[in-house]
Amino acid sequence: MRNKIPKLLRRLPLILGVMGVMFYSTDTFAQKKKKKDAKKETAAPATPAKPKGNDSDPKPYKEVITAKAKSKDGLFKVHQIEDKYFYEIPDSLLGRDMLMVTTIAKTANGIGYGGERTNTLMLRWEKYNNDIHLKVISVNNYAADSLPIAMAVKNSNLEPILQKFAIKSLGTDSTGIVIDATDLWSKDVQALGLPKGERTQYKVSRLDTDRSYIAHIHTYPINIEARYVMTYLANDPPSNSSTGSITLEMNSSMLLLPKEPMKQRLGDQRVGWFSRSIVDYGADAQKAESRTFLDRWRLEVKDEDMAKFKAGELVEPKKQIVYYIDPATPKQWIPYLIAGVNDWQVAFEAAGFKNAIVAKLAPTKEEDPDWSPEDARYSVIRYFASDIQNAYGPHVSDPRSGEILESDIGWYHNVMNLLRNWFFIQTAAINPDAQSVQFKDEVMGRLVQFVSSHEVGHTLGLPHNFASSHAYPVEKLRDAAFTKEMGTAPSIMDYARFNYIAQPGDKGVSLMPNVGPYDKYAVAWGYRPIPDAATPEDELATLDKWILEKQGDPIYRYGRQGNSYDPTAQSEDLGDNSMKASEYGIANLKRIMPNLMDWTSEPNKPYKDFDDLEEMYGQVITQFNRYMGHVKTNIGGVSEVYRAVGQDLPVYTHTSKEIQKSAVAFLNKELFTTPEWMMQDDIFARTEDFGALERIRGVQAGTLNSVLDLGRLGRVIENEALNGNEAYKMTELFDDLRKGIWTELSSGKTIDVHRRALQRAYIERLEYLMTTDGPTVPASFRRFVGPQINASQSDIRPMARGELKILQRDIRSAIARTSDRMSKLHLEDALERVNTILDPK
């Protein structure tokens with residue numbers, strides 16, 4: 001056995017012996033060296049060297065957050081050290097859902113407006129080794145965690161990293177981390193800066209960091225507000241082009257979302273509501289189902305009041321909806337802005353709540369030195385000293401549940417000029433309070449309340465309802481008792497504006513809408529709790545029942561904004577018949593015109609130019625053009641009334657032949673026959689050196705081209721194909737237009753300058769219909785613009801050719817019997833134009 005031991009093992013004692021000598025020698029050397037070093041230390045003590053660490057490792061807190069730091073407590077502690085900002089993030093907030101809302105705070109001319117939202121992102125701060133990743137979280141695709149498909153959804157939706165930060169230090173109590181957040185706001189993070197579309201439009205090349213900086217970062221209990229100025233180099237800026245740059249002030253609000261999301265309420269297109277959709281891969285369907293739920297405030301019944309609520313008593317919610325009035329608001333308008341908020345009490349009472357919504361004055365510095373309109377705990381009606389004629393009512397909501405978390409209504413000072421113009425033009429014929437360009441405060445205040453109430457409606461979740469005003473018969477809007485009870489439209493969310501239908505002698509008639517029956521119904525539908533429903537799906541039967549109870553009543557119909565072919569859902573209109581309503585409106589404009597110079601003068605002013613006269617005459621033209629727009633929509637019109645499966649009623653219905661013919665007859669009478677009442681020499685002599693004729697031509701040609709729009713003609717053709725003789729046919733449309741536009745051909749009468757321009761426009765439109773294939777719409781946009789007709793393969797070209805041949809014959813015959821020289825020259829030119837179109841060679 002001994003002979004089998006390996007040589008290395010047999011030599012092991014020798015090796016160990018030698019190593020022992022080496023260890024002994026090393027130790028002896030070390031002892032000798034220590035004695036020498038001890039002598040050196042007595043002469044000059046040496047500082048022991050610090051162990052080398054990794055530069056990326058967290059440093060001690062006091063080395064990062066130095067004595068120079070200006071620190072504030074809030075959602076995160078924010079430390080400012082000179083031009084750098086550090087976030088101290090507690091461990092408890094890592095992985096929590098947050099919402100980043102980015103808006104333009106101040107803007108260059110031509111780039112949107114202050115308060116305009118540019119992006120909304122759901123974010124999470126997550127730790128990865130010695131870094132913090134700020135991730136963008138998507139909730140657009142969803143499946144319940146309990147379902148197997150949830151893993152597939154997660155694997156298909158990797159969360160992009162918006163920004164990565166090195167951990168600079170641990171928090172003071174070692175339960176958080178400190179990062180340098182400066183680059184998030186001072187560098188070009190596209191999601192938080194100028195949107196991509198504007199970058200392309202203005203040919204932006206890069207961010208100029210030398211002219212970009214952080215204005216401030218403020219932290220509050222549930223949000224952090226970052227205000228930063230961004231200057232971009234741009235080859236085609238919309239203003240100040242000599243600088244070759246664009247400067248914007250941006251604001252990003254990072255808001256902590258509730259740990260427990262509110263229960264969703266599922267949407268229904270039959271009730272208008274701001275909502276959001278996600279793709280629910282866990283739905284029990286053989287396709288990816290869209291799940292739509294409402295944006296709404298969390299209004300809940302207190303536990304101790306549930307029995308009262310179920311018994312039908314009004315109860316106060318656990319938490320009120322509160323709006324504060326910006327301290328910068330002029331004092332005379334504050335009561336009216338507050339009244340606009342309080343108008344909605346009646347709607348929430350329909351939902352079972354009392355005192356659900358209230359407006360308050362913002363606290364003074366003495367009352368609450370920490371109060372700020374930027375604090376996301378407060379919803380504020382902000383007042384902007386701006387010449388923008390607008391107000392807007394956005395809201396910030398939780399993308400997981402739709403819960404509205406806060407809202408800041410933007411109120412621009414110059415919206416009052418817009419209100420003055422509308423109220424003057426639409427009511428001055430019967431309303432002495434509007435017969436001036438300077439209204440009394442109580443008159444303007446009532447208009448402020450009207451717009452305030454409208455904008456508050458948006459912040460509650462309600463979009464525009466353009467079908468509302470069509471619910472009331474035209475003649476009822478001249479009835480004082482009816483309008484006092486019902487307002488001028490069932491919803492203040494319509495663009496119904498003011499009562500232009502009321503005529504002199506209609507004493508006591510209401511002039512504007514209020515929070516109406518549709519608004520009460522919609523708020524009740526969206527906010528009334530359904531206590532016995534444990535899930536959103538459990539609520540559906542009750543929600544459907546509430547809708548079906550109102551089925552067939554036009555007062556409770558919703559019509560979406562942007563439907564350009566539905567004459568029953570239009571902007572700025574009133575009543576159930578566009579022709580009757582517009583006839584009343586034009587009668588009032590004719591009453592205003594002779595008084596326009598007097599009502600726009602201000603005798604008490606030492607000097608007064610004619611700017612107001614010019615502006616108000618322009619408003620007359622604009623209002624007249626609105627009426628023409630309301631009427632033309634009836635031609636080729638299709639009404640859209642949302643239904644659900646089982647209602648056994650159509651969604652889309654073509655406008656009747658009788659209504660369409662009356663629309664063309666109205667245009668022939670009121671527009672295509674020269675509206676000479678708008679031609680006032682004394683106004684033109686004071687307001688412009690040129691352009692009076694062009695104003696009228698623009699309205700006439702614009703309306704004509706819109707009547708002969710490809711899409712409208714396509715609907716006329718389809719109507720005939722589906723409904724035969726019950727439809728208003730394209731041949732009838734062209735016959736009626738020609739008889740109205742070319743009446744002088746059969747009589748040989750003088751053709752005035754307006755008619756000559758109109759007739760040329762008609763020929764040019766026929767040429768367009770003869771030659772165009774229609775707009776080329778990219779596939780990605782087709783769902784927005786709807787189906788398009790193929791003009792070259794439709795009946796449009798044969799119709800246009802046939803119409804040109806009729807004109808060719810009739811014009812040729814008319815030339816000989818026309819004695820007026822300019823009329824004859826015009827007809828000879830028209831004939832040449834027609835000949836060239838029919839035979840280009």
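Once segment 436-474 is narrowed to residues that are touching a residue at least 12 places away in the same chain (Cβ under 8 Å) and of a type in the set (Asp, Glu), the residue that is surrounded by the most Cβ atoms within 10 Å (Cβ to Cβ) is GLU455. Looking only at residues in segment 489-538 that are of a type in the set (Lys, Arg) and within 24 Å of the chain's Cα centre (by Cα), the one that is farthest from ASN577 (Cα to Cα) is LYS520.
Just a yes or no: is a residue in segment 350-366 touching a residue at least 60 places away in the same chain (Cβ under 8 Å), more than 19 Å from ILE404 (Cα to Cα) and in a helix (DSSP H, G or I)? Yes, because at least one residue in segment 350-366 is touching a residue at least 60 places away in the same chain (Cβ under 8 Å), more than 19 Å from ILE404 (Cα to Cα) and in a helix (DSSP H, G or I).
Please determine whether any residue of segment 105-127 is on the phi > 0 side of the Ramachandran plot, in contact (Cβ under 8 Å) with a residue 24 or more places away in the chain and in contact with a Lys or Arg (Cβ under 7 Å, 6 or more places away or on another chain). No, segment 105-127 contains no residue that is on the phi > 0 side of the Ramachandran plot, in contact (Cβ under 8 Å) with a residue 24 or more places away in the chain and in contact with a Lys or Arg (Cβ under 7 Å, 6 or more places away or on another chain). THR600 meets each of the listed conditions (1) closer than 20 Å to THR674 by Cβ; (2) buried (at least 21 other Cβ atoms within 10 Å of the Cβ) apart from (1).
Among residues of segment 384-435 being part of a loop (DSSP other than H, G, I, E, B) and in contact with a Phe, Trp or Tyr (Cβ under 6 Å, 6 or more places away or on another chain), the one that is surrounded by the most Cβ atoms within 10 Å (Cβ to Cβ) is GLY402. Within segment 96-122, which residues are surrounded by fewer than 20 Cβ atoms within 10 Å (Cβ to Cβ), of a type in the set (A, V, I, L, M, F, W, C) and part of a strand (DSSP E or B)? Once the filter is applied, which keeps residues that are surrounded by fewer than 20 Cβ atoms within 10 Å (Cβ to Cβ), of a type in the set (A, V, I, L, M, F, W, C) and part of a strand (DSSP E or B), segment 96-122 yields ALA105, MET122. Selection of first residues in segment 681-706 that are under 30 Å from PHE734 (Cβ atoms) and polar (S, T, N, Q) and of second residues that are surrounded by 15 or more Cβ atoms within 10 Å (Cβ to Cβ) and modelled with pLDDT under 95, restricted to Cβ pairs under 7 Å at least 6 apart or on distinct chains, gives an empty result.
Of everything in segment 62-95 that is surrounded by fewer than 17 Cβ atoms within 10 Å (Cβ to Cβ) and basic (Lys, Arg), the residue that is nearest to ARG199 (Cα to Cα) is LYS84. Among the residues of segment 496-535, those identified as among the β-branched types (Val, Ile, Thr) and surrounded by fewer than 20 Cβ atoms within 10 Å (Cβ to Cβ) are ILE530, THR535.
Residue-by-condition table, conditions (1) under 30 Å from ASP519 (Cβ atoms); (2) modelled with pLDDT under 95; (3) in contact with a strand residue (DSSP E or B) (Cβ under 7 Å, 6 or more places away or on another chain):
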site: ALA234; (1), (2), (3): no, yes, yes
site: ASN240; (1), (2), (3): no, yes, no
site: MET250; (1), (2), (3): no, yes, yes
site: GLN264; (1), (2), (3): yes, no, yes
site: SER277; (1), (2), (3): yes, yes, yes
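Checking each residue in segment 576-591 for being in contact with a Gly (Cβ under 9 Å, 6 or more places away or on another chain) and aliphatic (A, V, I, L, M) picks out only ALA581. Annotation: GLY559 fulfils all but one of (1) touching a residue at least 12 places away in the same chain (Cβ under 8 Å); (2) surrounded by fewer than 22 Cβ atoms within 10 Å (Cβ to Cβ); (3) in contact with an Asp or Glu (Cβ under 8 Å, 6 or more places away or on another chain); the unmet one is (2). Looking across segment 603-655, the residues that are touching a residue at least 60 places away in the same chain (Cβ under 8 Å) and in contact with a Ser or Thr (Cβ under 6 Å, 6 or more places away or on another chain) come down to PHE610, ASP612, LEU613, GLU614, MET616, MET628, HIS630, LYS632, ASN634, GLY637, SER639.
Checking the conditions here, which among MET493, MET486 is modelled with pLDDT of 95 or more, surrounded by fewer than 24 Cβ atoms within 10 Å (Cβ to Cβ) and closer than 25 Å to ALA356 by Cβ? Can you show your working first?
On the way: MET493 fails: surrounded by fewer than 24 Cβ atoms within 10 Å (Cβ to Cβ).
Selected residue: MET486, the only one of MET493, MET486 that is modelled with pLDDT of 95 or more, surrounded by fewer than 24 Cβ atoms within 10 Å (Cβ to Cβ) and closer than 25 Å to ALA356 by Cβ.
Which one is nearest to ARG377 (Cα to Cα), of the residues in segment 223-243 that are among the polar types (S, T, N, Q) and surrounded by fewer than 21 Cβ atoms within 10 Å (Cβ to Cβ)? Among them, the one singled out is THR231.
Among the candidates ASP532, ASP553, ASP566, ASP573, the residue that is touching a Gly at 6+ places or on another chain (Cβ under 8 Å) and of a type in the set (Asp, Glu) is uniquely ASP566.
Yes/no per residue for (1) in contact with a Leu (Cβ under 7 Å, 6 or more places away or on another chain); (2) outside any loop (DSSP other than H, G, I, E, B); (3) among the β-branched types (Val, Ile, Thr):
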{"position": "THR488", "(1), (2), (3)": "yes, no, yes"}
{"position": "ALA496", "(1), (2), (3)": "yes, no, no"}
{"position": "ASP506", "(1), (2), (3)": "no, no, no"}
{"position": "VAL515", "(1), (2), (3)": "no, no, yes"}
{"position": "PRO529", "(1), (2), (3)": "no, no, no"}
{"position": "THR535", "(1), (2), (3)": "no, no, yes"}
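Can you give me the number of residues within segment 51-86 that are under 27 Å from HIS395 (Cα atoms) and touching a helix residue (DSSP H, G or I) at 6+ places or on another chain (Cβ under 9 Å)? Total meeting the criteria: 2. Scanning for something without any contact (Cβ under 8 Å) to a residue 40 or more places away in the chain and crowded, with 18+ Cβ neighbours inside 10 Å, does segment 794-801 turn up at least one residue? Within segment 794-801 (the criterion being without any contact (Cβ under 8 Å) to a residue 40 or more places away in the chain and crowded, with 18+ Cβ neighbours inside 10 Å), the answer is yes, since at least one residue qualifies.
The values are calculated or read from the model by the stated rules, or taken from the named source; none is laboratory data. The structure presented is a predicted model; accordingly, all values stated were derived computationally and were not measured. All Cβ positions, glycine included, derive from the backbone under ideal geometry; neighbour counts span all protein chains shown.
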